[in-house]
1. Which one of the conditions (1) in a strand (DSSP E or B); (2) over 16 Å from the mean Cα position of the chain (by Cα); (3) not charged (D, E, K, R) does Ile190 fail to meet, given that it meets all the rest?
2. Could you identify the single residue in Lys255, Lys227 that is of a type in the set (Lys, Arg), surrounded by fewer than 18 Cβ atoms within 10 Å (Cβ to Cβ) and within 25 Å of Leu108 (Cβ to Cβ)?
3. Kindly provide the set of residues from region 179-205 that are out of contact with any strand residue (DSSP E or B) (no Cβ under 6 Å at 6 or more places or on another chain), free of Cβ contacts under 8 Å to residues at least 60 places away in the same chain and either on the phi > 0 side of the Ramachandran plot or of a type in the set (Ser, Thr, Tyr) (or both), ordered by number.
4. What is the residue count in region 209-224 for residues that are among the acidic types (Asp, Glu) and either closer than 9 Å to Ser154 by Cα or in a loop (DSSP other than H, G, I, E, B) (or both)?
5. Can you pull out every residue in region 230-241 that is assigned to a loop (DSSP other than H, G, I, E, B), at negative phi and open to solvent by 40 Å² or more (accessible area, probe 1.4 Å)?
6. Select from region 191-216 the residues that are surrounded by 22 or more Cβ atoms within 10 Å (Cβ to Cβ) and among the hydrophobic types (A, V, I, L, M, F, W, C) and list them in ascending order.
7. Can you find even one residue in region 131-148 that is open to solvent by less than 20 Å² (accessible area, probe 1.4 Å), farther than 25 Å from Ala72 by Cα and either assigned to a strand (DSSP E or B) or modelled with pLDDT of 85 or more (or both)?
8. Can you list the helices (runs of 4 or more DSSP H) lying wholly within region 1-71 that have 3 or more residues being of a type in the set (Lys, Arg) and modelled with pLDDT of 85 or more?
Amino acid sequence: MELREILERIERRLEATGLSERAASEKAGKPDAIRNLRRALEKDGRQGVSTATLNALAPVLGTTSVWLFAGAGPEEPAKAPSSGSTSISSAAGGEEIVQATQPAVRVLYGGFVEAGSYREISEFIDVPPEDIFLPPDSEYPRVQQVAFDVRGDSMNALTPRPILRGDRVVALDFEGLHGRVALHTGMVVIVQQSREGGHLVERSVKQLEVYEDRYEFHPRSTVSRYKPIVVPHSMEADDGREVRILAWARSVLNKL
């Protein structure tokens, strides 16, 4: 989804709530959130936005993160969606909070992941929304969940359970964890590599190995052509690639 459209929806909700950009950002616990989005737009016009930022702004603006991201669903939900979905309110830090009596929460759809395939960033930003409702994460119920569809076979030998073509990985937005989970060997993550100033992007599932001087993000595949991503702890590769952890994979779904 284009950042310009997301900002237009934010402006619409600012007008509806009577809040200034600064007041809304501060109430969301992210004092520079909206200003930083404007700066990103002015920089190259197509930068993305983290789900954690939208998740923090949405309750302050009286809407949902899905509506801010894609214009999907009601702009002003009068009540929690039916059919086993959840209601959402705002915590002090601006995070999504799930009422304990509700069985499911809305999951953002992050598009596809595919190792070895660089694509235009627009293919990842302009993702058609889906209505996905799942139980909240048992350990981190307030952190936004994001679903990714798997293409390819770069994790078909992961143990104890392989991740296969056609699987849907359900993950926690990494930024939304706010440092509560340390990077450790064995983590399965959604990792993004970008080059050419962020215009070309690869998103894939990898298993992390942590070393004293570097991180290694490994495919677990029966196919030898897939190679690990190796970067220093700064996450900046020597060849100019920028590497970023988008989400921490927590479960895998599939339909027979």
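The values are calculated or read from the model by the stated rules, or taken from the named source; none is laboratory data. These numbers were taken from a predicted model, which means no experiment stands behind them. So basically every Cβ, Gly included, is an ideal-geometry build from the backbone, and we count neighbours across all protein chains shown. When the accessible area is computed, the model is the full protein with side chains, heavy atoms only, and any ligands, DNA or RNA have been set aside. Shrake-Rupley method; radii C 1.70, N 1.55, O 1.52, S 1.80 Å.
1. (2)
2. Lys255
3. Gly179, Gly186, Glu196
4. 2
5. Pro232, His233, Ser234, Asp238, Asp239, Arg241
6. Scanning region 191-216 gives Val191, Val201, Val205.
7. Scanning region 131-148 turns up no residue that is open to solvent by less than 20 Å² (accessible area, probe 1.4 Å), farther than 25 Å from Ala72 by Cα and either assigned to a strand (DSSP E or B) or modelled with pLDDT of 85 or more (or both).
8. 3-17
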